[in-house]
Amino acid sequence: MANINIEKAFVTDNKSVYLYLSTTGQGLYIPLYQRDYSWDKDNIIQLQEDIESGVSRIVNTQDEQEIRFLGTIITLIESNRDKIYPIEPQIVPSRIEVLIDGQQRLSTIIVLSTILLKNLFEIKQKLKVLSCDFIDEINDIYNFWEDKLMQIYTVDIRRKAKPKIIRGNRDFWTEKEEAETAYKSAVSYYLAKFIESHSNSFSNSFKPSSENVGKTLYTNYHAMEKWIKDKIRKAHLINEDFPSAIGILDTFNKIDLWNDNRDRIVDFIKVNDYNTNKVSNYLCEYVQVLSICHYLLERCCFTVIQPTDENWAFDMFQSLNATGTPLTAIETFKPRVVNVTEEFGNGFKNSKNEEYFEKIDKLFEDVDTAQQKNARTKDFLTSFFVAYNGQQVSSHFSHQRKSLIDAFEDRKDVNKQIDFMKKSTFVEFLGNYAEFYKTIWLASDKNLTTPFALLNGKEDADLASMLVCFLRASNHKMAITVLGNFFDSIQRNRANAIEDFVQAIKAVSAYYFLWRASLSNAGLDVTYRDLFKTDDKSWKFENGITLDELKNHLKTKLRDKQILQKADWISKAKDEFKYENAPNEVIRLGLLIAAHDTIVDKSEPGLIKIGRPGTSNYLCLSQWSSEDLFTIEHIAPQKNDNNWDENIYENKLFQSIGNLTLLRQTLNSSAGNKPWEEKILYYKTVGEKDPTKIQNLKNIAESMNIHLNEVTISLLQGSKYSGHIEAIAELNQTDNWNKDMVEKRRDNLLDIIWDRVSKWLN
């Protein structure tokens with residue numbers, strides 16, 4: 001294994017604004033996934049205050065070491081020009097830096113540089129009109145700063161000035177001059193129009209508006225221009241907290257201001273009253289604006305980080321972006337899809353690939369915070385790659401991003417159109433998987449009262465919807481991998497796709513239930529990866545997974561665990577299907593399965609047997625979400641108070657399904673901790689509506705010196721469902737709830753459960 005040279009992994013340097021943005025041939029490229037220009041009023045005010053206070057500090061303290069750190073910039077040197085889209089191959093900067101972090105700050109500084117240049121030009125023109133004695137020196141100063149400021153906002157391509165910064169898929173560097181065609185984003189369009197205006201000596205000065213550059217940029221432009229015109233240029237008149245020209249000239253190095261000493265100008269300003277002398281007034285404005293130019297370009301600085309690996313770049317961004325909006329792997333993957341669609345399709349807008357990405361976007365519509373968005377992305381992609389090729393992808397951002405890009409690029413063909421179609425098929429699966437995740441998986445909870453819409457009219461629609469709720473409540477996320485594949489077939493209109501989807505839900509539910517009722521969770525997830533895994537990490541089920549493939553795989557795994565046969569499963573379930581071992585949702589489902597279409601077995605007190613279909617429907621959404629069936633009740637309580645058979649507590653038999661039932665969620669604990677003689681009277685009241693019989697129960701209780709709690713009786717009678725407890729209620733106070741009874745009921749329930757559940761796998 002090669003050694004990694006950490007010292008060379010990240011090229012880090014501290015650079016002034018000018019030193020960084022004047023890099024020869026530098027063009028800044030904002031990837032598609034980056035948000036639009038969005039700095040708000042507070043950001044602008046903070047930048048202005050940073051510059052103002054810096055100039056003031058130099059004047060007031062004569063601190064030559066004064067600098068202002070503006071944050072970290074993360075860029076990636078892009079050597080592959082094919083990734084820059086759209087592109088005129090011959091008209092691109094010689095050095096393209098992809099902005100991973102810092103585009104908001106850089107965009108604002110670049111726009112501010114144009115405002116400074118325009119103000120210097122305006123002052124120069126006013127002095128020219130006044131025919132001052134040193135207009136040649138004023139022109140020299142302007143030319144010096146014009147050159148420096150242009151390096152901030154332009155890149156030289158074939159001896160032509162072009163916008164320094166563009167946004168992927170919106171703008172492109174072009175030899176032509178049509179800004180409206182080449183530059184669509186707010187900042188790049190503004191720069192193109194400014195360059196055009198500047199080249200004409202501002203004779204047709206471009207006026208930004210909310211209509212042509214958008215509200216955000218217009219608002220910020222207007223705020224910065226007002227700041228320069230009303231505060232900086234007028235500082236010598238209004239005597240506010242920004243230094244006047246004389247204070248600046250007394251403390252600033254003159255070389256920093258105008259690349260020479262210019263003693264004649266300095267003397268003129270100090271001798272002449274700016275209130276009466278227009279030349280002196282404009283010279284003061286000139287000096288004050290120049291101090292801003294110097295401080296912004298030479299004393300404001302960044303830490304520029306340039307990782308040598310793309311994945312490292314994004315890792316660093318995520319780790320440093322503690323307060324901003326973190327990127328997700330999907331957002332950084334999207335530009336690849338857009339570029340390919342633009343190049344080989346008919347454009348991304350209104351394309352199928354855009355439709356697929358809209359499905360992905362909807363997955364995050366209800367996410368409130370960046371942290372939640374990041375967490376959902378990680379969960380989604382971790383699941384997706386199991387469903388795609390059995391790949392175990394970590395939750396780490398860069399690993400997931402690389403997996404997306406690798407899978408997409410692996411869908412290749414020498415024929416460009418076939419290559420595009422194969423890549424689009426991958427994106428379609430990603431979109432359909434996201435739609436399943438959103439509309440089925442995340443929508444299935446105990447508040448779901450009607451079957452999923454796509455199952456309307458289908459046999460077992462209610463059962464399938466209930467089972468999805470069961471799988472989700474059990475947090476069995478691996479089920480998504482299978483069901484997402486079958487859902488994809490529905491979206492692709494494959495034959496019998498909806499019917500197969502229902503059967504797949506039943507098969508996965510049976511598999512998970514049988515496993516967790518007889519085994520621990522260990523090794524369960526791996527069995528799903530094995531279904532999708534291929535040696536070359538390719539897409540095994542591109543044409544859809546069949547029910548036979550699914551069921552055969554699941555049954556093979558159960559056989560490997562020796563629980564595919566009834567006797568084997570029951571043998572293990574006797575020991576493992578206990579309250580302390582199996583998830584609560586698995587126990588609840590088992591009790592509902594046992595109660596479904598069963599009746600009291602009159603020949604075996606306390607037990608049940610299969611009844612005719614329709615006898616009592618317990619496998620439906622209404623029962624799954626019912627409060628009456630939400631709480632798992634121990635018949636013999638978990639702690640023996642010497643009122644129960646001690647043998648029930650050997651080997652924790654009291655935790656087995658034979659000692660469990662379902663009761664109303666709000667049931668008072670007074671029913672749960674009573675001895676058998678009293679508890680059976682409560683059970684007998686469940687569903688009993690005949691007042692005479694209820695009174696008889698109370699009379700029996702009184703004869704035994706038992707006081708039935710009226711509140712508990714009321715709660716029990718309020719239950720809508722009682723069939724599942726009728727067999728127990730058939731017992732009497734004299735019948736002993738002992739080890740033998742619990743074991744017989746356990747075996748009785750397991751027998752019925754197996755017969756029902758195993759059919760879902762066949």
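Place the peptides 142-150, 380-388 in order of packing, highest mean first, counting for every residue the other Cβ atoms within 10 Å and averaging per peptide. Numbers along the way, then the final one.
Values: 142-150: 18.1, 380-388: 23.9.
Packing proxy ranking, top to bottom: 380-388, 142-150.
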Reference-scaled alpha-carbon Rg (2.2 N^0.38 Å with N residues) for the range 69-161
1.44
Can you give the charge dipole size of the chain about its Cα centre, rounded to the nearest 20 debye, using +1 on the beta carbon of Lys and Arg and -1 on the beta carbon of Asp and Glu?
1060
Which order do TYR190, TYR274 take when ranked by solvent-accessible area (1.4 Å probe, heavy atoms of all protein chains), largest first?
TYR274, TYR190
Per-residue HN-Hα couplings for the range 113-118, Karplus 6.51 cos²θ - 1.76 cosθ + 1.60 at θ = phi - 60°, whole Hz, x for Gly and Pro?
4, 5, 5, 5, 4, 4
For the range 423-462, state which GluC sites (Glu not before Pro) are in a DSSP loop and have at most 14 other beta carbons lying within 10 Å of their beta carbon.
GLU459
Log entry: pair-distance distribution for the range 33-74, C-alpha pairs binned every 5 Å from zero, whole % per bin is 5, 18, 19, 21, 15, 10, 6, 4, 1
Through the Karplus equation 6.51 cos²θ - 1.76 cosθ + 1.60, θ set to phi - 60°, convert the phi angles of the range 127-133 into ³J(HN,Hα) values in whole Hz; use x for Gly and Pro.
5, 5, 4, 7, 6, 5, 5
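Report the net charge of residues surrounding LYS373, where surrounding means a beta-carbon distance below 12 angstrom and charges are Lys +1, Arg +1, Asp -1, Glu -1.
-4
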Estimated D of the range 138-226 in µm² per second, where Rh is the Kirkwood radius over Cα pairs and Stokes-Einstein applies at 10 °C, 1.306 mPa s:
115
Candidate lysines for bridging to LYS193, where Cα separation is under 23 Å - those fewer than 8 sequence places away on the same chain excluded:
LYS118, LYS124, LYS148, LYS160, LYS162, LYS164, LYS176, LYS184, LYS207, LYS215, LYS226, LYS229
Please list, in order along the range 649-662, the HN-Hα scalar couplings obtained from phi with the Karplus expression 6.51 cos²θ - 1.76 cosθ + 1.60 (θ = phi - 60°), rounded to whole Hz, x for Gly and Pro.
8, 7, 6, 6, 4, 5, 8, 6, 4, x, 10, 10, 8, 10
Sequence-distant residues sharing a close amide H with GLU88 (under 5 Å, placed H)
TRP173
Percent antiparallel among DSSP beta bridges (both partners in the chain, rounded to 5)
65
Note down the accessible area of GLU97, probe 1.4 Å, to the nearest 10 Å².
0
Using a cut-off of 10 Å between beta-carbons, work out the net charge of the residues near LYS254 (Lys and Arg +1, Asp and Glu -1, LYS254 not included).
-2
What residues have an amide H closer than 5 Å to that of ILE563, excluding those fewer than 5 places away on the same chain, when H is modeled at 1.01 Å from N in the peptide plane?
none
Here is the link list: LYS537/LYS574; LYS349/LYS551; LYS506/LYS533; LYS41/LYS254; LYS126/LYS231. Which ones come out longer than 30 Å on Cα distance?
LYS537/LYS574; LYS349/LYS551; LYS41/LYS254
Carbon and sulfur %, accessible surface of the chain computed with the full protein complex present, 1.4 Å:
45
A 23 angstrom limit on the alpha carbon distance is what I want to check against. Which of LYS402/LYS555; LYS566/LYS609; LYS373/LYS402 exceed it?
LYS402/LYS555
Rg over Rh, two decimals, the range 430-522 (C-alpha only, Kirkwood Rh):
0.95
Compute the signed sum of charges (Lys and Arg +1, Asp and Glu -1) over the other residues within less than 13 Å, Cβ to Cβ, of LYS349.
-1
Would you mind working out the accessible area per residue for the chain, using a 1.4 Å probe, and quoting it in Å²?
44
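The values are calculated or read from the model by the stated rules, or taken from the named source; none is laboratory data. The model shown is predicted, which means the values in this text are computed figures rather than measured ones. With ideal geometry, Cβ positions are generated from the backbone for all residues, glycine too; neighbour counts draw on all protein chains shown. The area values use the complete protein model at the heavy-atom level, side chains included, leaving out ligands, DNA and RNA. Shrake-Rupley method; radii C 1.70, N 1.55, O 1.52, S 1.80 Å.
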